[in-house]
Amino acid sequence: MATLTHDAPPTSTAHEPGKRGLWSWITTTDHKRIGILYGLSSLFFFLVGGVEALFIRLQLAAPNGEVLSADAYNQMFTMHGTTMVFLVVMPAAGAFANYLLPLQLGARDVAFPRLNAFSFWVFFFGGVFLYASFFLGGGADGGWFGYAPLSTQIDEVVRMDYWALGLLVLGVASVASSINFVTTAFTMRAPGMTLMRMPVFSWMVVVISFLLLFSLPMVTVGLVQVFFDRNLGTLFYDAASGGEPILWQHLFWLFGHPEVYVLILPAMGIVSEVLPTFSRKPLFGRSFVIFSGIAIGFMGFGVWAHHMFTSGLGPVAEAAFALTTMFIAVPTGVKIFNWLGTMWGGSLRFTTAMLFSIGFIAMFVIGGLSGVTHSIVPADSQQHDSYYVVAHFHYVLFGGAIFGIFSGIYFWWPKLTGKLLDERIGKWHFWLMLLGFNLAFAPMHFLGLNGMPRRTYRYNEGLGLDLWNLVSTIGAFLIAVSMLVFLWNWWRTARKGTRASGDPWDGRTLEWSIASPTPEYNFARIPTVEAEDDFWHRKYGEDEEGNAVPIATAEEVSDDPEPPAGLHLPSPSYYPALTGAGIFVTLMGLVYLPWGLIPAAVGALVILWGLFGWSMEPIVKEHH
Amino acid sequence: MTEAVHHRPHPRPRDYWTIAAILAVITAAEVAVTYVDALSAAVAPLLIVMSITKFVLVVGWFMHLRYDSPAYRRLFLIGLVAAPLLLGAVLFTFGVLIGS
Amino acid sequence: MATEAVLVEEHPDVHHQRKIAMWTFLGSEVLLFGSLISTFLLFRNRTLGGPTAEDVFDIPFTSISSFVLLMSSLTMVLAHHSATRRDWRQMRVWLFATAFLGLTFLAGQVFEFTVFVEDGLTVTTSPFGSSFFLLTGFHGAHVAVGVMMLLSLAFMSMSGKLHPERGMNVELVGLYWHFVDIVWIAIFTIVYLLQV
């Protein structure tokens, strides 16, 4: 179906006084703007993390590389991992979740708009705080998983204090968002939208919210214990004094494993929206896709110790976790087959969004398979701490999550901006990225099986590692080129891109029933929902053979173009940003104990000021 | 779509005072149990039962969970069930049995 | 001036939303305290030659503290009950009573910790010491935050700024307060009574 082009109306945002400019963004409580802020931050950190990766690959391109010292290398891989997990993929999920959840549910905003803003600002300041370390003594250098006692013992240098406090505060942002999304999904669905009629992407947002809520507490305790061991002389992870370094591993991975499902489920949700749209078929086995997402979330809590197979758990624990890890492949497999079933017999359109979703499936299957090999304890004993693991998680996190995110970017770009990203350039982006990605990471399977260890800044000649490392580095740079292509696409589209209608893809869910870009108020009239993929069913009926028969055009069944009268939207507030800034100051103070107690106290006062102001802001429901 | 809050008869202040008295009595009993040598073998299970009773009284009546929407109960239960399962497994790997 | 947004005909049940939020948060907090308690259970016997639980714990004293905190739950629920009957004056009385009992509990904790330190048990003495103080410290911090919220409610009510629709309302603070109490029920049994 050709994309409709006409002059989309300018955003209502631009026409309202006080709605432009930096201050309007700092004080925004609009979920769409907050989503955009998350998205821009995520993209920025993706470039930063990518540069860190390029440095790593330059160092490893040849034996005995001299690009980075061992110390610099430790900072590079620690910050690369920390950045990609906490400052890229999670905020990208946050971007999509924030922007789309209310739209897919037929709501005007999330349940707690100011809390939503607070989550963003805490994340933002958390990222700034983490990166401040580079300018103040060095970036964190203990690995993104901060194993004790390495993370606790070197307390003359504050790098891992930045790491521990940074992660603590990012956790606060996630908990706040999770509470918000759960409440929103449970209380703000449009009339007629039962839980099972909720779009799959929205379901995944709910599942990851629960994952975060019930996994973050464990790592919070662990991180506090790390911080106290470093700064107060506590003995949690001091083996010589009866402490238990392995306790850290448990507490970290009790969070860390559910976390990886947090990283992948939103992308799976995106794919579950994109594939049906460009196959012109409903998602095959839709309820199974939803239930398997819930199952993955639930089972994700039962596998954490598979990260610890070489730590001496004992045969009972090892066998138990091996089994649970094998089992968790089942719901994932269910999803894969359902996605394939969606495409089978469909009328496929290979848009860039579709290509990235298909790429997701292929790359994620590869990564999932290497993951299943990890579940076999003796095999994992060789694979652990080798590049085989690096291959596995990049296939699922890059080939999976990142590809899914790009699929979503191309898919929802028109809804966000009113313009369509160029498809030709998009395809260059996709193919270059696919090629570069596979060149970068496929060789790592071989490198790992041949014994190349992780987190080691150089390797000797004559070990058989040279060729694949070089290929991997070339692949990494090709990825960088593909990112330049994407950035060019973005810039070019902003300058002279094709305008998009409200429903450029002949979409299925409610967000396509409103104008592009999204009006500030989302829906003129909150829709009443009668089916899953409700918007599609307004446009299409079915004949006897189950083929779609058009019964109305998109314009006819879309939302009213006129904004409703008497509408008041969540007012802006600076208290969330202020509280976030207070948290930043407090954290900086805590890094530099004991004299840092003074700035920490100042920061705490700012936090109190922010919280009191926030709770005292008059809440008045205005009626006309 | 909002859920209606169930408006069953709320406890009255008198009920709250009664529950508070029960809580005080149980607390006294808990302390007493630790001093009675004859019961020393059964101390752990007795204390656990008594604590759980206090817990249920506060959560069910003071926090109103008995009278409120089932959604709240389920949300809280997820944490209550997950905690002993997950953390119990961790302690098991360290050879620590809870409560002994 | 901030307004909460809705069309005239749309009124999400704000109170229900806030209770969902609070119960979700409390479910998460169960795991937080569970992790702290588990750390304690792991380290309870690792005293490194320093004081043990039997050496330093004063069960009668701690029992009184526990009783005080339990009674604060009573005053809390009475405060909420007064609020539902719009008896603001009585509500404030009970709020101040709850805050007072909470502060008494905290004072008891501070005193208890001071004695322990004098007896040679600090955060750095042993893993037992580290985990005991971390657990009770976290709990104490939660109590302190609760006291601040209680006093804020009382003062906001006094200056006429306490609207039933306001975010930080009595029922929500009550849920938080009771939760902090039940965590102490668990701590008192697991940490104190079962260790001696």
Put +1 on the Cβ of every Lys and Arg and -1 on every Asp and Glu Cβ in the protein assembly as shown; which of A:Ser513, A:Phe118, C:Ala141 then has its Cα farthest towards the positive end of the dipole? A:Ser513
Would you be so kind as to identify all helices of chain A, as entire DSSP H runs, whose Cα atoms reach 27 Å or more along the helix's own axis and whose mean Kyte-Doolittle hydropathy is at least 0.0? A:31-60, A:113-135, A:159-187, A:200-231, A:245-279, A:352-374, A:423-449, A:466-496, A:597-616
Under the Kirkwood approximation applied to all pairs of distinct alpha-carbon atoms, what is the hydrodynamic radius of the range A:253-384 in Å? 15.7 Å
Helix axis angle, B:70-93 relative to chain B longest principal axis, alpha carbon, degrees: 20 degrees
When you look at the Cβ of every residue in C:181-194, what mean number of other chain Cβ atoms sits within 10 Å? 6
Find which of A:Leu167, A:Phe134, A:Ala362 sits farthest along the positive direction of the dipole of the protein assembly as shown, computed with +1 on the beta-carbon of Lys and Arg, -1 on that of Asp and Glu, about the Cα centre. A:Ala362
Within the range A:113-147: backbone nitrogen closer than 11 Å to the A:Asp71 label point (7 Å, Cα to C-beta): A:137-139
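Can you sort C:Trp94, A:Trp25 by how many other beta carbons sit within 10 Å, fewest first?
Numbers: C:Trp94 24, A:Trp25 17.
Result, fewest neighbours first: A:Trp25, C:Trp94.
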Mean 1/r over distinct Cα pairs of the range C:2-120, inverted to a Kirkwood Rh in Å, yields 18.3 Å
If I model a spin label at A:Phe337 and A:Glu156 as a point 7 Å from the Cα along the Cα→Cβ vector, what separation in nanometres do I get? 6.0 nm
In nm, to one decimal, how far is the modelled label at A:Ala240 from the one at C:Ala144, with both set 7 Å along Cα→Cβ? 3.2 nm
Distance check, please: which entries in A:Lys415/A:Lys539; A:Lys496/A:Lys539; A:Lys427/A:Lys539; A:Lys32/A:Lys335; A:Lys32/A:Lys419; A:Lys32/A:Lys281 exceed 26 angstrom between their Cα atoms? A:Lys496/A:Lys539; A:Lys427/A:Lys539; A:Lys32/A:Lys335; A:Lys32/A:Lys281
Got a sec? Which residues in the range A:45-70 would a label at A:Arg458 touch, if it sits 7 Å along Cα→Cβ and we count backbone N under 12 Å? A:59-70
How much space per residue, in cubic angstrom, does the convex hull of the C-alpha atoms of the range B:11-68 take up? 58 Å³
Calculate how steeply helix C:14-43 sits against the longest principal axis of the alpha-carbon atoms of chain C, using the helix alpha-carbon long axis, and give the answer as 0 to 90 degrees to the nearest 10. 0 degrees
If each of C:Arg89 and B:Arg66 carries a label point 7 Å out from its Cα toward its Cβ, how far apart are those two points in nm? 3.2 nm
In terms of Cα to Cα distance under 28 Å, which lysines are near enough to C:Lys161, apart from those fewer than 8 places away along the same chain? A:Lys621, C:Lys19
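For a footprinting-style exposure proxy, rank A:Leu37, A:Leu470 by other Cβ within 10 Å, fewest first.
A:Leu470, A:Leu37
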What is the fewest-to-most order of A:Glu273, A:Glu544 by other Cβ atoms lying within 10 Å of their Cβ? A:Glu544, A:Glu273
Normalise the Debye intensity by I(0) for the protein assembly as shown, one equal point scatterer per Cα, no solvent, then take log10 at q = 0.08, 0.10, 0.11 Å⁻¹ and round to two decimals. -0.77, -1.21, -1.45
Could you work out the local net charge near A:Leu420, counting Lys and Arg as +1, Asp and Glu as -1, over the other residues with Cβ closer than 13 Å to its Cβ? +3
Calculate the dipole size of chain A relative to its Cα centre from +1 charges on Lys and Arg beta carbons and -1 charges on Asp and Glu beta carbons; express the result in debye to the nearest 20. 740 debye
Using a Gaussian network model of chain C whose springs link C-alpha atoms within less than 10 Å, name the residue from C:Glu171, C:Glu118, C:Glu29 with the highest mean-square fluctuation. C:Glu118
Theoretical FRET efficiency, 1/(1+(r/R0)^6), r = Cβ-Cβ of A:Phe135 and A:Trp595, R0 22 Å, to 0.05: 0.70
At a Förster distance of 41 Å, what's the computed FRET efficiency of C:Ile64 paired with A:Ala604, Cβ-Cβ distance as r, to 0.05? 0.85
How long is the gain from A:Leu449 to A:Glu530 if the chain were fully straight, where each residue apart is worth 0.36 nm and the alpha carbon distance is subtracted? 23.8 nm
What angle, in degrees between 0 and 90 and rounded to the nearest 10, separates the Cα long axis of helix C:127-158 from the longest principal axis of the Cα atoms of chain C? 20 degrees
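The numbers here are math on the coordinates, done by the rules we state, and not lab data. Because the structure is predicted, anything quoted here is derived from the model rather than measured. Reconstructed Cβ throughout: ideal geometry from the backbone, glycine too, with neighbour counts over all protein chains shown.
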